[in-house]
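Everything on this sheet refers to the single structure shown next.
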There are 2 protein chains.
Amino acid sequence: MTRAYEALETRFRRLNSLREAAGMLNWDMSAMMPAGGADARSEQLAVLQVTCHDLLSDPAVGDLLEEAEGEGQALDPWRRANLREMRRDWLHTTALPTDLVEALSRARNRCEMIWRQARPESDFAAVLPTMQALLDLVRESAAAKSALLGCAPYDALLDEFEPGGSAARIDVVFDQLAKFLPDFLGRVLEKQAAAQQPLAPEGPFPIAAQEALARRLMAAVGFDFTHGRLDTSLHPFCGGVPDDVRITTRYDEGDFAKALMGVLHETGHALYERGLPSEWRAQPVGAARGMAAHESQSLLIEMQACRGAEFVAYLAPLAREAFAGDGPAWAADNLQRMYNQVRPGFIRVDADEVTYPAHVILRYRLEKQIIAGDLALADLPGAWNAGMKELLGIVPPDDGDGCLQDIHWFDGAWGYFPTYTLGAIAAAQLFAAAKSAVPEILAAIGRGDFAPLIGWLRQNVHAWGSFHSTDELLEQATGSPLDPKAFEVHLIGRFLE
Amino acid sequence: MTRAYEALETRFRRLNSLREAAGMLNWDMSAMMPAGGADARSEQLAVLQVTCHDLLSDPAVGDLLEEAEGEGQALDPWRRANLREMRRDWLHTTALPTDLVEALSRARNRCEMIWRQARPESDFAAVLPTMQALLDLVRESAAAKSALLGCAPYDALLDEFEPGGSAARIDVVFDQLAKFLPDFLGRVLEKQAAAQQPLAPEGPFPIAAQEALARRLMAAVGFDFTHGRLDTSLHPFCGGVPDDVRITTRYDEGDFAKALMGVLHETGHALYERGLPSEWRAQPVGAARGMAAHESQSLLIEMQACRGAEFVAYLAPLAREAFAGDGPAWAADNLQRMYNQVRPGFIRVDADEVTYPAHVILRYRLEKQIIAGDLALADLPGAWNAGMKELLGIVPPDDGDGCLQDIHWFDGAWGYFPTYTLGAIAAAQLFAAAKSAVPEILAAIGRGDFAPLIGWLRQNVHAWGSFHSTDELLEQATGSPLDPKAFEVHLIGRFLE
């Protein structure tokens with residue numbers, strides 16, 4: 001270890017604690033805070049953010065990074081990787097002048113506020129001017145970061161969510177998938193139409209019973225309640241810190257599967273956080289690799305493991321008991337058909353496993369064009385509807401169910417969308433590799449025993465933190481970098497066989 | 001406003017947000033956090049503390065304070081008071097060298113840990129060496145602060161909890177009370193022995209019903225749930241921030257009064273926080289006056305208002321209904337006798353209104369002597385037992401029920417104890433003044449309407465924040481500085497008439 005490197009570790013440890021504090025306050029804001037606490041909380045979070053920014057943009061940090069990098073050969077591989085991640089963090093933090101950061105933050109808040117009104121009213125024109133103002137600032141920051149990172153502006157935005165990711169790489173993956181999906185979807189819909197329609201279990205399903213079952217399943221999957229909590233919030237998420245992971249869900253008395261599958265999804269995120277290398281807790285290299293890797297873990301648990309026949313066979317009697325259910329609707333094969341129904345729809349968050357990638361590919365293609373300046377925002381609704389027609393064969397009745405449906409663009413999170421489907425692809429690849437490496441995984445899941453699966457994930461994914469790039473991580477764990485093949489094989493297996 | 005003053009306001013606003021963040025995380029630690037989150041949380045809180053310390057001990061702050069004080073005539077009275085409170089905050093923060101602050105923090109943690117073992121084992125000798133080590137550091141910091149504040153070492157410790165307080169002032173008040181109490185206690189015990197013994201309502205009292213009743217009473221008293229929460233924790237407290245006040249309680253299925261009175265107590269604290277001047281939210285002058293003023297608000301609600309005949313008459317039918325009670329135990333006059341039983345005991349936190357001051361006076365006298373170097377820690381158990389004999393006529397069977405019972409000395413909070421009884425005295429004084437200014441207060445409380453009382457408190461106490469000293473505040477609100485007379489009148493009225 002060198003003096004400069006050591007000084008950096010000290011500073012990043014402090015930075016980490018401040019960010020963790022902000023993370024806990026964000027969780028509280030969604031899960032606990034009464035409405036009247038909002039102003040004080042915004043102020044607390046803003047001050048924490050400024051404090052973190054000051055800590056990292058101190059000129060001393062740039063000097064230390066250079067000095068430590070010059071002595072890089074004195075560091076072991078983990079410390080070298082840590083230094084690389086420090087540099088990345090530093091670049092993203094210092095790339096933008098303070099006034100641009102502040103302008104972005106204000107534009108984000110303003111645009112989100114107007115979007116919250118415009119969406120229910122399906123009024124794209126109402127949000128267009130503020131969206132344009134926000135986009136101008138996003139493009140300005142993309143340009144600034146692109147110069148420093150040495151990549152295209154869109155890739156610079158992407159890098160914040162998917163470190164090292166590039167449109168060139170995503171294009172290859174998405175184009176392959178976009179070629180596969182339309183025909184595949186047609187065959188699935190055909191097969192489904194010919195098959196028996198699933199019966200919906202009859203509710204209501206009391207929230208207390210849903211929660212008790214959710215906790216039981218979380219524990220089965222491996223969630224440790226001495227290191228985390230389950231609460232409710234308007235939008236389910238996974239927050240907190242690795243040693244205190246807080247997941248949330250929301251309950252619908254008419255449909256227990258929504259909350260349950262949501263909880264299993266968030267549990268996948270939570271297990272990733274918990275499994276990150278504990279000896280690197282407070283350092284950048286100890287953090288999750290990125291949003292694609294994170295989504296791979298939630299989708300691996302929810303989609304790959306928990307919508308499979310083995311898990312549903314384990315779940316069916318538990319659910320029947322929890323809700324005092326009776327009749328053929330509670331049979332495992334009926335529940336599994338129900339959980340895996342495919343139907344093209346307008347709304348991404350309600351989409352099934354087969355049509356979900358189309359929603360993401362549409363958004364990815366549009367935002368790439370918009371950031372490049374090849375598509376004007378005024379033309380977005382038309383381009384959206386044309387894309388929906390092309391990819392899913394349907395056209396939304398209005399912009400509320402179209403280009404206004406997601407918060408991301410109106411909140412400034414350009415470059416985020418592709419990570420959903422990159423995660424889905426990685427999940428399929430990892431689950432296939434895990435099953436092949438540890439043959440008893442499926443049978444164990446059928447008994448509600450996730451230990452063999454989680455053990456493999458811990459060792460091959462979680463414990464690596466940000467040591468590797470996403471592609472390196474996948475290569476090491478599965479023998480190949482990100483490749484849609486396993487996802488296609490999975491879809492064929494689940495929906496056509 | 002002057003340039004220097006304005007720069008100070010900006011810095012203290014930032015400091016306030018960081019402290020608020022720490023406050024919320026402290027609440028979470030007690031009310032929400034799973035055990036496994038403890039290490040990460042300690043780290044978060046430690047970093048926030050260091051960040052606050054750095055922000056205030058920056059040499060620029062000392063310069064700005066001097067400059068602003070030199071231009072004090074250009075400031076209005078609230079800003080002048082704010083400047084005075086900034087100086088006080090700055091003195092307490094910068095009085096101690098960093099290594100003493102760190103040594104204190106370590107000694108505190110170590111001593112508390114050993115105390116947690118020693119108390120149940122009643123083993124004073126086991127904690128004595130670490131307690132001595134902590135005390136040495138406490139005395140060192142008292143000496144350092146006393147030099148800067150220009151007061152005696154004990155007063156310098158007291159000043160952190162009761163700004164501007166002094167042993168000379170407290171001696172007068174406590175000596176008067178200590179003269180009144182023993183004879184008064186004898187008369188109360190005599191009267192009680194001759195009267196009908198209260199009947200305890202029979203439980204169990206389901207926790208859900210206790211909580212529902214507690215929430216109903218909180219709302220009646222004036223707690224606004226859009227600006228706060230009620231949760232459970234091992235040790236009840238009032239935390240959070242003025243616009244998001246979080247109170248906690250704990251439930252005992254065998255005794256509903258404990259949680260209920262505890263909730264009313266914390267509601268008194270919460271209303272004080274909520275009522276602090278909103279235009280001074282982020283500044284020192286906008287904070288609560290001190291621990292005595294705070295305790296005056298909780299005891300005013302719990303002891304003065306909610307153990308009085310009017311409130312109990314309102315409460316009795318609600319409680320009977322909540323717990324489906326039946327029979328004479330649920331009559332208002334029986335419940336009131338039950339809530340106001342007097343019995344000398346060993347444990348402060350279980351003490352009634354009459355004997356409580358004796359517990360506090362004992363601790364105050366002992367800690368004053370210890371800090372002055374007039375009593376060795378090794379002689380504490382003997383002095384404790386002698387004091388109990390003198391003040392309450394009883395001697396604890398062991399140190400666990402004696403000098404080991406409270407956390408304060410083992411956690412480094414020397415100078416805190418007197419604020420409990422200063423608060424009780426102020427509560428009586430304020431309640432008497434309120435009733436005399438707004439004659440309908442008692443009748444309204446009898447209908448569960450606290451608006452007249454809270455309105456008076458808002459205007460005469462809450463809205464003043466730290467503008468006045470405690471004595472000035474009382475003088476303005478009641479016509480006289482702190483004076484035990486009203487407390488004695490209250491005790492006589494409640495227990496002998």
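Observations, loosely collected:
- Under 30 Å from the Cα of A:Lys191 - lysines, other chains or at least 8 residues apart: A:Lys179, A:Lys258, A:Lys389, A:Lys435, A:Lys485
- Dividing the alpha-carbon radius of gyration of the protein assembly as shown by the rule-of-thumb value 2.2 N^0.38 Å gives 1.06.
- Counting Cβ atoms of other protein chains within 10 Å of each residue's Cβ and taking the mean over peptide A:23-32 gives 4.
- Partners of B:Lys145 within straight-line reach, counting lysines whose Cα lies under 22 Å from its Cα and excluding those fewer than 8 residues away in the same chain: B:Lys368.
- Between the helical axis of B:124-149 and the longest alpha-carbon principal axis of chain B there is an angle of about 60 degrees.
- The distance from the alpha carbon centre of segment B:100-118 to that of segment B:121-149 is 10 Å, rounded to a whole number.
- Most to least packed among A:426-434, A:407-415 [average Cβ atoms within 10 Å]: A:426-434, A:407-415
- Peptides B:22-29, B:58-65 ranked from most to least packed, by the mean per-residue count of other Cβ atoms within 10 Å: B:22-29, B:58-65.
- Counting only alpha carbon atoms, the long axis of helix A:98-121 and the longest principal axis of chain A meet at about 20°.
- Neighbouring partner chain Cβ atoms per residue of A:223-235, average, 10 Å criterion: 2
- Rg and Dmax of segment B:314-439, both derived from C-alpha coordinates alone, stand at 18.9, 57 Å.
- Degrees between helix A:59-70 axis and first principal axis of chain A (Cα, 0 to 90, nearest 10): 80 degrees
- Relative contact order [Cα under 8 Å, 6+ residues apart], segment B:289-412, whole percent: 17 percent
- Whether segment A:258-361 is rounded, prolate or oblate, judged on the alpha carbon gyration tensor where a/c under 1.5 counts as rounded: oblate
- At R0 = 51 Å, FRET efficiency that the Cβ-Cβ distance of A:Asp58 and A:Ala378 yields, to 0.05: 0.75
- Based on the Kirkwood approach, the hydrodynamic radius assigned to chain B is 23.9 Å, with every pair of different Cα atoms included.
- About the Cα centre, charge dipole magnitude for segment A:122-497 (Lys/Arg +1, Asp/Glu -1 at Cβ), debye: 640 debye
- Each other copy holds its own label point for B:Leu148; taking that point as 7 Å from Cα along Cα to Cβ, the gaps run 3.7 nm, nearest first.
- Segment A:396-457 pair-distance distribution - Cα-Cα, 10 Å bins, rounded %: 19, 29, 20, 20, 12
- Within segment A:339-365: backbone nitrogen closer than 17 Å to the A:Gln176 label point (7 Å, Cα to C-beta): A:357-358, A:361
- Shape class for segment A:3-94: prolate, because the ratio a/c of the largest to smallest gyration tensor axis (alpha-carbon atoms, square roots of eigenvalues) is 1.5 or more and a/b beats b/c.
- Once you reduce segment A:341-375 and segment B:319-382 to the center of their Cα atoms, the two points are 66 Å from each other.
- Note on B:Asp471 and A:Glu69: the model spin-label points, each 7 Å out from Cα along the C-beta direction, lie 6.4 nm apart.
Every read-out reported here was derived from the displayed coordinates using simple, explicitly stated rules and does not represent laboratory data. Owing to the predicted nature of the structure, the values given are computational and were not obtained by experimental measurement. Note: ideal-geometry Cβ built from the backbone for every residue, glycine included; neighbour counts use all protein chains shown.
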